[in-house]
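The values are calculated or read from the model by the stated rules, or taken from the named source; none is laboratory data. Small disclaimer: the values here were computed from a predicted structure and weren't measured. Neighbour counts run over all protein chains shown; Cβ positions are idealised from the backbone, glycine included. Note: accessible area is taken over every heavy atom of the protein model, side chains too, but ligands, DNA and RNA are not part of it. Shrake-Rupley method; radii C 1.70, N 1.55, O 1.52, S 1.80 Å.
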Amino acid sequence: MREKSLRFLAERAGGHLVGVAPSDDVQVQAIEYRSVETKAGSLFFCLPGASTDGHFFAREAIDNGAAALVVERELSERELGLAVPQIVVGAGGARSAMARIASEFWGTPAEKLKTVGVTGTNGKTTVTRMIGSIMRAGGIPSSVMGTLNGKLTTPESPDLQEWLAAQIDDGTRCVAIEVSSNGLLAHRVDGITFDVAVFTNLGHDHLDQHGSQEEYFEAKALLFRIESSRSAVINIGDEYGRKLAARLADSSIPVDTYSMDAAEITSEGVDGSRFRFRGHDLFVPVPGRMNVQNAMAAGLAALAMGQDWDVVATGLERFEGVRGRMQRVAVANSGSVPTVFVDFAHTPEALRSALEASRTVAGDDHKVRVVFGC
């Protein structure tokens, strides 16, 4: 059974521990932020939210066995029904504390892995899986976490840290994680310093949550702080990528960049694209110039983690594609049967890229027919 000292966790979170005598301690056996899933020995996090407040569920968590709480305001015995140890972290501090405590509880697993965080509006899922393919080609067991794994692109920090620990147990040595803007603002990756942070692009998305394109960009830029990443790979073919690269020019974070201007396309077709990049001939077996960009991002990230160009080329050739990303679901075998692709494009930029890729694949002699939802 995994156990951690409550005092130790409080120190790591920078919180003030109340309700425990100086000579006493509590052994935490689980960490939870959902009161209904709290069990005996749990440390329960009271997270304020947009529509409700986790402090209101503290009593339910205690009834379910919580041994201690993390709170932004100290709760009285009258509110809780009995005296329970509390780590008080102050207003706005619960989520960051949860991430740091989760990392410590699970044995700081990110420190034992090669880690890549990929952010951007489009391309995160493909880039992370390309990185996984390249690293495996180099003999490094690798896993990915993101949109296709669960409800959240970037899981809540206790779930993410538990997953990282499980990857180590399974023999994984490298993880590539999709890092969303919401995940960054919610401190889900706090406590992780990525070996490489990748910025793919910034399109029109999540403005209902961020309010403006600039605020959306600033959320993405949180991944590129010195405490969050050791190096960066940035698409300077994107306006906001250029802005981010310029911002990091005076920082201590090494930056590598890419853009379509840096690639020479030698052939494009239904089976993928061949291109030359930095003196190396590469092939990515999925169509579309956006996937050439994704391949450059993945390749540079792998190089930053010690792989060489031969491994990059092999890993890209072995890439099996991603469900719903220019996924070929039917192949023409006669003049009456069309080649069909499915793409989950959900932004104007992504739809444009999918249409341009389809037009290139179809050539001048064939029509492109589109069915899309809006």
Study note, to complete from the structure: For segment 10-33, the count of residues that are closer than 21 Å to residue 163 by Cα, open to solvent by less than 80 Å² (accessible area, probe 1.4 Å) and at pLDDT below 95 equals 1
Check your understanding: Among the candidates 95, 173, 100, which residue alone is surrounded by fewer than 20 Cβ atoms within 10 Å (Cβ to Cβ) and touching a Ser or Thr at 6+ places or on another chain (Cβ under 9 Å)?
Key -> 173
Exercise for review: For residues that are among the acidic types (Asp, Glu) and closer than 17 Å to residue 290 by Cα, scanning just segment 342-374, find the one that is most open to solvent (accessible area, probe 1.4 Å).
Suggested key: 356
Practice item. Please enumerate the residues belonging to segment 288-320 that are over 20 Å from residue 236 (Cβ atoms) and in contact with a strand residue (DSSP E or B) (Cβ under 6 Å, 6 or more places away or on another chain). Key: 305, 309, 313, 316, 317
Review point. If only one of 154, 147 is free of Cβ contacts under 8 Å to residues at least 40 places away in the same chain, hydroxyl-bearing (Ser, Thr, Tyr) and open to solvent by less than 10 Å² (accessible area, probe 1.4 Å), which one is it?
Key: 154
Review point. When you scan segment 100-178 for strands (runs of 3 or more DSSP E) that lie fully inside it, which ones turn up with 3 or more residues that are within 23 Å of residue 325 (Cβ to Cβ) and not hydroxyl-bearing (Ser, Thr, Tyr)?
Key: 114-119, 174-178
Practice item. Go through the residues of segment 192-203 one by one and say whether even a single one is surrounded by fewer than 16 Cβ atoms within 10 Å (Cβ to Cβ) and outside any strand (DSSP E or B). Key: no
Point to revise | Test set (1) part of a loop (DSSP other than H, G, I, E, B); (2) under 31 Å from the mean Cα position of the chain (by Cα) - residue 10 fails condition number | key: (1)
Check your understanding: Any idea which of (1) in contact (Cβ under 8 Å) with a residue 60 or more places away in the chain; (2) more than 16 Å from residue 159 (Cα to Cα) is the one residue 58 doesn't satisfy?
Key -> (1)
Check your understanding: How many residues are β-branched (Val, Ile, Thr) and assigned to a strand (DSSP E or B) when one looks only at segment 255-293?
Key -> 5
